[in-house]
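The values are calculated or read from the model by the stated rules, or taken from the named source; none is laboratory data. Keep in mind the model is a prediction, meaning the values are calculated, not measured. Neighbour counts are summed over all protein chains in view; Cβ atoms, including those assigned to glycine, are modelled from backbone coordinates with ideal geometry.
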């Protein structure tokens, strides 16, 4: 079971709404003052997943809009520091662990709010370095603060190369923190499994597969 959940849920028009409707980041950020899921009970989500015969669950810890459902020392744009006042990732993972459900987190490498992402490492090397530090720290946080993670599902590496993201270095950190974890191919390195989206194609061993 793959769960997209975040500020965009309030609008009901998909997780790409900020980009597709060209909403200014400052306007979109106002949703964080309203995102307070008082009826959220992670245990119920896990129960529904079990009833549907799911064997693992993956939650979006942070999508392209940059809003994190987890606590972070490098961002105030998080559920615990805004209206929700709760670490929703922590609640989700605890519920999965309690029920014996395998659990994973989705994490978007890109963040639409950062000019450095749009400018890229060649045009803005200093900005990119700061952006990359933020990304790496957040990945380390989600792999350090919640116990066992079975899956790390990256997204949003386009259009840059794995060298730009320092993907090999980042994934080495992840595996040190979570030795049994499975990592997808969306850091633009093959890693453990492919994630084709809207199509499936054959690939040769060592091919990074779909990188969308």
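The table that follows gives values for the structure above.
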read-out	value
The lone exception for residue 146 - which of (1) over 25 Å from residue 94 (Cβ atoms); (2) under 16 Å from the mean Cα position of the chain (by Cα); (3) not in a helix (DSSP H, G or I) it fails	(1)
Test: residue in segment 111-120 that is surrounded by fewer than 21 Cβ atoms within 10 Å (Cβ to Cβ) and more than 24 Å from residue 26 (Cα to Cα)	no
Enumeration of residues in segment 4-39 that are free of Cβ contacts under 8 Å to residues at least 60 places away in the same chain, within 16 Å of residue 82 (Cα to Cα) and outside any helix (DSSP H, G or I)	34, 35, 36, 37, 38
All positions within segment 89-103 that are surrounded by 18 or more Cβ atoms within 10 Å (Cβ to Cβ) and under 15 Å from residue 52 (Cα atoms)	96, 101
Odd one out for residue 109, checked against (1) closer than 26 Å to residue 127 by Cα; (2) under 19 Å from the mean Cα position of the chain (by Cα); (3) free of Cβ contacts under 8 Å to residues at least 12 places away in the same chain	(3)
Pairs, first on the phi > 0 side of the Ramachandran plot in segment 135-152, second part of a helix (DSSP H, G or I) and buried (at least 21 other Cβ atoms within 10 Å of the Cβ), C-beta under 9 Å, six or more apart	147/93
Residue 53 vs. criteria surrounded by fewer than 18 Cβ atoms within 10 Å (Cβ to Cβ) and either within 19 Å of residue 104 (Cβ to Cβ) or touching a strand residue (DSSP E or B) at 6+ places or on another chain (Cβ under 7 Å) (or both)	yes
Residues (surrounded by fewer than 14 Cβ atoms within 10 Å (Cβ to Cβ) and over 22 Å from residue 59 (Cα atoms)) located in segment 21-47	21, 22, 24, 26, 27, 30
Filter result for residue 183 (surrounded by 15 or more Cβ atoms within 10 Å (Cβ to Cβ) and in a helix (DSSP H, G or I))	no
Hey, residue 65 within 18 Å of the chain's Cα centre (by Cα), exposed (fewer than 14 other Cβ atoms within 10 Å of the Cβ), free of Cβ contacts under 8 Å to residues at least 60 places away in the same chain and on the phi < 0 side of the Ramachandran plot or not	no
Subset of segment 70-85 [free of Cβ contacts under 8 Å to residues at least 24 places away in the same chain and either crowded, with 17+ Cβ neighbours inside 10 Å or not in a loop (DSSP other than H, G, I, E, B) (or both)]	78, 80
Candidates 117, 160 - the one that is out of contact with any strand residue (DSSP E or B) (no Cβ under 8 Å at 6 or more places or on another chain) and either touching a residue at least 40 places away in the same chain (Cβ under 8 Å) or closer than 23 Å to residue 57 by Cα (or both)	160
Criterion: touching a strand residue (DSSP E or B) at 6+ places or on another chain (Cβ under 7 Å), part of a helix (DSSP H, G or I) and over 24 Å from residue 39 (Cβ atoms) - qualifying residue of 139, 89, 135	139
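For (1) modelled with pLDDT of 95 or more; (2) more than 23 Å from residue 3 (Cα to Cα); (3) surrounded by 15 or more Cβ atoms within 10 Å (Cβ to Cβ), each residue gets a yes or a no:
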| residue | (1), (2), (3) |
| --- | --- |
| 128 | yes, yes, yes |
| 139 | yes, no, yes |
| 160 | yes, yes, yes |
| 192 | yes, no, no |
| 208 | no, yes, yes |
